[in-house]
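To start, the structure itself, in structure tokens.
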């Protein structure tokens with residue numbers, strides 16, 4: 001959590017929750033290919049291991065705020081997994097918990113689609129990409 005993520009009540013602002021979800025997604029599955037410098041490899045090299053010209057775009061976010069996430073000078077706890085795997089999209093599920101109380105603060109899902117950058121057409125998820133994701137497939141949070 002960052003100091004600037006806090007609202008006037010000392011809670012992490014609801015808009016910043018989406019940024020936290022993005023960070024969790026990138027830490028778990030890797031940055032889009034061609035971005036950033038070298039660093040730690042993600043748990044599943046999903047987004048940085050796609051063909052040239054492929055983009056992973058957000059199609060939908062769904063967030064259920066359950067309790068305020070109070071600003072603390074330590075990271076929030078975030079569980080991340082894949083809750084749906086379809087032909088041309090996948091859904092990533094998250095549970096954000098307070099790092100001190102372990103109380104669940106938010107549940108969320110993000111649906112992503114792979115798109116050809118040049119044509120804008122949806123791309124089917126390749127069998128090798130599906131194989132990478134299958135061990136991380138779990139239930140929806142909704």
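Using only C-alpha positions, report the orientation-averaged shadow area of the convex hull of the chain, nm², one decimal.
With the hull built on Cα positions only, its mean projection is 9.2 nm².
Pairing the Cα long axis of helix 14-29 with the longest principal axis of the chain, what angle in degrees results, from 0 to 90 and rounded to the nearest 10?
For helix 14-29, the angle is close to 50 degrees.
Counting other beta carbons within 10 Å of each residue's own, what order do 94, 65, 136 fall into, fewest first? Numbers along the way, then the final one.
Values: 94 22, 65 14, 136 19.
By the 10 Å Cβ count, ascending: 65, 136, 94.
Please work out how much length the chain gains when fully extended from residue 118 to residue 142, using 0.36 nm per residue of separation minus the C-alpha to C-alpha distance, in nm with one decimal.
On the way: separation 24, 0.36 × 24 = 8.64 nm, distance 3.44 nm.
5.2 nm is the gain from fully extending residue 118 to residue 142.
Would you mind calculating the gained length between residue 22 and residue 41 on full extension (0.36 nm times residue separation, minus the Cα-Cα distance), in nm to one decimal? Walk me through the intermediate numbers first.
Values: separation 19, 0.36 × 19 = 6.84 nm, distance 1.65 nm.
Full extension of this stretch gives 5.2 nm more.
Which of 29, 142 comes first, and how do the rest follow, when ranked by fewest Cβ neighbours within 10 Å?
On the way: 29 25, 142 11.
If I rank by nearby Cβ atoms, fewest first, I get 142, 29.
If neighbour count is taken as other Cβ atoms inside 10 Å, put 101, 70, 110 in order from fewest to most.
101, 70, 110
With each run of n ≥ 4 DSSP H residues scored as -39500 (n - 2.57), what mean residue ellipticity at 222 nm is computed for the chain after dividing by its residue count and rounding to the nearest 500 deg cm²/dmol?
Numbers: 2 runs with 23 residues, N = 142.
Taken over the chain, the calculation gives -5000 deg cm²/dmol.
Give or take rounding to whole Å, what are the principal axis extents of the alpha carbon atoms in region 84-127, in descending order?
Reported extents, whole Å, longest axis first: 47, 20, 12.
Would you mind calculating the gained length between residue 74 and residue 52 on full extension (0.36 nm times residue separation, minus the Cα-Cα distance), in nm to one decimal? If you can, show how the numbers build up before the last one.
Numbers: separation 22, 0.36 × 22 = 7.92 nm, distance 3.68 nm.
Length difference between fully extended and current span is 4.2 nm.
Taken together, the values in this text are just the output of simple stated rules run on the coordinates, not laboratory data. Keep in mind it's a predicted model, so treat the numbers as computed, not measured. Cβ sites come from the backbone with ideal geometry, for glycine too, and all protein chains shown count toward neighbours.
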